[in-house]
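Scroll down for the structure; my scribbles are underneath it.
Each value in this text was obtained by applying a stated rule to the coordinates, not by laboratory testing. Given the structure is predicted, the values throughout are model-derived calculations rather than measurements. Counting neighbours? That spans all protein chains shown, and the Cβs are built from the backbone with ideal geometry, glycine included.
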Amino acid sequence: MSNWPQRDEAQSILDEWGSNKNLKKHAYAVEAAMRAYAAKLGGDPEKWGVVGLLHDFDYERYPDLKDHPFKGVAYLKEKGYADELTEGILAHAEHANVQRDTDLKKAIFAVDELTGLIVAVALTRPSKKIADVTVESIMKKWKEKSFAAGVNRKMIETGAEELGVPIKEHVEIVLKAMQGISAKLGL
């Protein structure tokens, strides 16, 4: 077994730990966004993508924040996977109090919540298609605090600031990544 799971290994872990289709779609969205940021920042798209794919893999079994993502990370450590992978997964969770000292950690923190906001905006479109979503439509909904109220906009802003990317550019990067896998997302 490698020190870092290949994409198909990560998919197997995701499938083994849960069956919720929406959680899997979220994982795919975050994976796509992480690959886009790896390309932008000179990271390894395969590794960054796996962090995105696995960041919530334990959530269906362990939705309580005292357990998630800690149970999943413990499982991956037990399997001998790289600390960079497990630290990356921990970094998406504000309550894990992980120092975001790498671009990978900053990116997972920045994109996780934003993918949910983008899906919510897509679902308001008459077509329900992400192809019909624009940066402007996301920014308009961003200002409506009651819209997708569970989305932590402060985390998104903080993550973009840590990456040194203006918020509109950040939204555009993640939106384009998600539009690139629209069929997989069912949007």
Q) Over what distance in Å are the Cα centres of the stretch 130-187 and the stretch 56-129 separated? A) 16 Å
Q: Pop a pseudo-label 7 angstrom from the Cα along the beta-carbon direction at both residue 3 and residue 127 and give the gap in nm to one decimal.
A: 4.5 nm
(Q) From Cα pairs below 8 angstrom and at least 6 apart in sequence, can you work out the relative contact order of the chain, rounded to a whole percent? (A) 23 percent
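Taking the Cβ-Cβ separation of residue 176 and residue 71 as r and a Förster radius of 25 Å, what is the calculated FRET efficiency to the nearest 0.05? Intermediate values should be presented prior to the final figure.
Details: r = 33 Å, r/R0 = 1.32.
Step by step, r from the Cβ atoms, then E = 0.15.
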Q: Work out how far the C-alpha atoms of the stretch 7-185 reach from end to end along every principal axis, then list the three figures in whole Å, largest first.
A: 45, 34, 29
(Q) If the only charges are +1 at each Lys and Arg Cβ and -1 at each Asp and Glu Cβ, what is the size of the charge dipole of the stretch 105-187 around the Cα centre, to the nearest 20 debye? (A) 260 debye
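Among all stretches of the chain without exposed GluC sites (Glu not before Pro) (DSSP loop, at most 15 other Cβ atoms within 10 Å), which one is longest?
With GluC sites (Glu not before Pro) excluded where exposed in loops, the chain gives 61-143 as its longest stretch.
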Q.
Can you compute the label reach from residue 61? Point 7 Å from Cα along the Cβ direction, backbone N cut-off under 13 Å, restricted to the stretch 7-38.
A. 13-19
**Q.** Separation in nanometres of the label points that stand 7 Å from Cα toward Cβ, at residue 147 and residue 46
**A.** 4.0 nm
Q) Where in the chain are the helices, taken as whole DSSP H runs, whose Cα atoms extend 27 angstrom or more along the long axis and whose Kyte-Doolittle mean reaches at least 0.0? A) 103-124
